[in-house]
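Inspection log for the structure reproduced underneath, given as structure tokens.
The values are calculated or read from the model by the stated rules, or taken from the named source; none is laboratory data. As the structure is a prediction and not an experimental result, all values here were calculated from the model. Here Cβ is always computed from backbone atoms with ideal geometry, including for glycine, and neighbour counts include all displayed protein chains.
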Amino acid sequence: DEQPGRYKVRSLALAESGRHQIRLAEHEMPGLMALREEFGPTQPLAGARIAGSLHMTVQTAVLIETLTALGAEVRWASCNIFSTQDEAAAAIVVGPDGTPDDPQGVPVFAWKGESLEEYWDCTEQILLWPTDGDAGDAAVASAGPNLILDDGGDATLLVHQGVAYERAGAVPSDTRPGEPDHSDESNVVRAVLRRALQADPLRWTAIADGLLGVTEETTTGVHRLYQLAEAGQLLFPAINVNDSVTKSKFDNKYGIRHSLPDGINRATDILMGGKVAFVAGYGDVGKGAAEAFRGQGARVIVSEVDPICALQAAMDGYQVARIEDVVGEADFFITTTGNKDVLRVEHLVAMKNKAVVGNIGHFDNEIDMAGLAALPGVTRTEIKPQVHEWTFAEEGPTGQAAGRSIIVLSEGRLLNLGNATGHPSFVMSNSFSNQVIGQIALFRDVEDHADPAEREYARDVYRLPKVLDEKVARLHLDALGVRLTELTKSQAEYLGIPVEGPYKPEHYRY
Ligand code: NAI
């Protein structure tokens, strides 16, 4: 269903199912619900226009309705072509009080199974704000949001690339020479930018000028922000939500521990117990992934480039090896590195017959899908959406028989959101509480300080203060029946910290 400029989702008829799921998720998201209670009366986001680019799931629906409960206007797209839960998208468009015939909710542009062109069109849609305040008006002009809530940095990237072209007075070319074939997103982005620049030669500059900042959800997006800041190209302040302890040490680890096996089970239903699982990367996501496989009784092999993380994996009891030495042994291969070219064609062809291959890092460049597709005689069979069997016509490098196959999940895109429904609500309540606090911090910084010299945030990347990180954790203790021990006054004095926290110095690593 579609109303141009207002929404584009699979079907508004799914809204009722979505609303029930949102209602149950609210019960599991005590952090977000507590923030609604605390900040609802004062409306700290009144006047905020938030462009959100983050997996359009049931949990994200609770985040969106928390932002609107605090006064914000919101437009939303997913940050991955496969991650939308169509019921959640429909419920958000319809709104809690609307009906499919009379949608009263938030503009959403997202459905499961977008093409890359559609994906970037949706990302552009969240950045175009109706000028007359009537979200139903199809005549969307080049007004913009004043905040971005990003996951992976694609909305931020679109604005930055657009501004770069406008400043250079250049028109993006179709393809960039020397760019590997599989980075087709870049070519699609250029097509969106070209069209936008033809419509309005200063659109992106106007949007960037209106932006007070961005809060970024994930490791890969944060990495992009620090690169922009270091190059002196960051156009507005950024809050790194990922590196709140209550985000990366929870979502990336415990979230993955839940949603990785969920994705594998829904996709394949292949027993993990007794099998060998190869996990590339032992950062926060890799730690959760390895633990999930171990919990199922698999023997886990980890690969790492960082000696500290490799040593951690070894001390945690995992074999640490190079892919080329164990490629013929494993039944499951999962990439968690946020890096490119981790599973290459030479590895894919050397795997066991019917090995399961998937990525859970943010982008799809961890596995060389283009190289796989280009192999002579290789065939791709769709078992069901987001599950494909690739059959090899030729023998493998060490005599693997022609006719063998591997199972690739979500076409190499993050499989926990492509094959399942991503992380569960409780862990996302932690991540999204940080998002809400970050959005408030950026917005109030400008609203409450007319004089820019008094503002806290400049064009740089910031983390939230530890005391707020501890607050997010605190909001989730009651639901788990946790009784926290309180410092006595003399214990606090002995340690030299306040009774009410923060309890750790900035350099503490948890
Ligand atoms: P991290 O930086 O903590 O861990 C990545 C690890 O991979 C590092 O220890 C690094 O040394 C290692 N690595 C890099 N190149 C490698 C290579 N060629 N071979 C083996 N190891 C290599 O990052 P984190 O937080 O674990 O995130 C990883 C990715 O997952 C990022 O893209 C992030 O955005 C994404 N992510 C995905 C989630 C999901 O729901 N699917 C949730 C959270 C993060």
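A few comments on the model shown:
- Taking first residues from the stretch 200-218 that are over 14 Å from residue 234 (Cβ atoms) and partners that are of a type outside the set (A, V, I, L, M) and part of a helix (DSSP H, G or I), the Cβ contacts under 7 Å between residues at least 6 apart in sequence or on separate chains come to 201/166; 202/166; 203/162; 204/162; 204/166; 205/166; 217/431; 217/435.
- Some residue of the stretch 279-287 being of a type in the set (Gly, Ala, Ser) and in contact with a Leu (Cβ under 9 Å, 6 or more places away or on another chain): yes
- Candidate set from the stretch 286-309 (those that are of a type in the set (Gly, Ala, Ser) and under 19 Å from residue 360 (Cα atoms)); member that is surrounded by the most Cβ atoms within 10 Å (Cβ to Cβ): 289
- The set of residues in the stretch 284-303 that are under 16 Å from residue 258 (Cβ atoms), within 12 Å of the ligand (Cβ to nearest atom) and not hydrophobic (A, V, I, L, M, F, W, C) comprises 284, 286, 287, 288.
- Against the list (1) surrounded by fewer than 24 Cβ atoms within 10 Å (Cβ to Cβ); (2) part of a loop (DSSP other than H, G, I, E, B), the condition residue 37 fails is (2).
- Matching residues, the stretch 353-363, being assigned to a loop (DSSP other than H, G, I, E, B) and buried (at least 17 other Cβ atoms within 10 Å of the Cβ): 360, 361, 362, 363
- Residues located in the stretch 1-34, provided they are assigned to a loop (DSSP other than H, G, I, E, B) and either surrounded by 22 or more Cβ atoms within 10 Å (Cβ to Cβ) or among the acidic types (Asp, Glu) (or both): 1, 9, 28, 29
- Selection over the stretch 401-423 of residues that are over 14 Å from the mean Cα position of the chain (by Cα) and either without any contact (Cβ under 8 Å) to a residue 12 or more places away in the chain or part of a loop (DSSP other than H, G, I, E, B) (or both) gives a count of 6.
- Of the residues making up the stretch 428-476, those that are over 25 Å from the mean Cα position of the chain (by Cα) and in a loop (DSSP other than H, G, I, E, B) are 448, 449, 450, 451, 455, 456.
- When we screen 411, 346 for residues that are of a type in the set (Asp, Glu) and surrounded by fewer than 17 Cβ atoms within 10 Å (Cβ to Cβ), the only hit is 346.
- Complete set of residues in the stretch 304-323 that are more than 8 Å from the ligand (Cβ to nearest atom) and assigned to a loop (DSSP other than H, G, I, E, B): 316, 317, 318, 321, 322
- Among the residues of the stretch 229-244, just one is surrounded by fewer than 20 Cβ atoms within 10 Å (Cβ to Cβ) and either at pLDDT below 95 or within 16 Å of the ligand (Cβ to nearest atom) (or both), namely 243.
- Number of residues in the stretch 324-347 that are part of a loop (DSSP other than H, G, I, E, B) and either within 9 Å of the ligand (Cβ to nearest atom) or at pLDDT below 95 (or both): the value is 7.
- All of 459, 463, 413 fail the test of being under 25 Å from residue 47 (Cα atoms) and within 16 Å of the ligand (Cβ to nearest atom), apart from 463.
- Residue list for the stretch 261-283, restricted to those being surrounded by 23 or more Cβ atoms within 10 Å (Cβ to Cβ) and within 8 Å of the ligand (Cβ to nearest atom): 280, 281, 282
- Sole residue being among the aliphatic types (A, V, I, L, M) and touching a Ser or Thr at 6+ places or on another chain (Cβ under 6 Å), chosen from 487, 464: 464
- The set of residues from the stretch 219-262 being free of Cβ contacts under 8 Å to residues at least 12 places away in the same chain and either under 12 Å from residue 462 (Cα atoms) or polar (S, T, N, Q) (or both) comprises just one member, 227.
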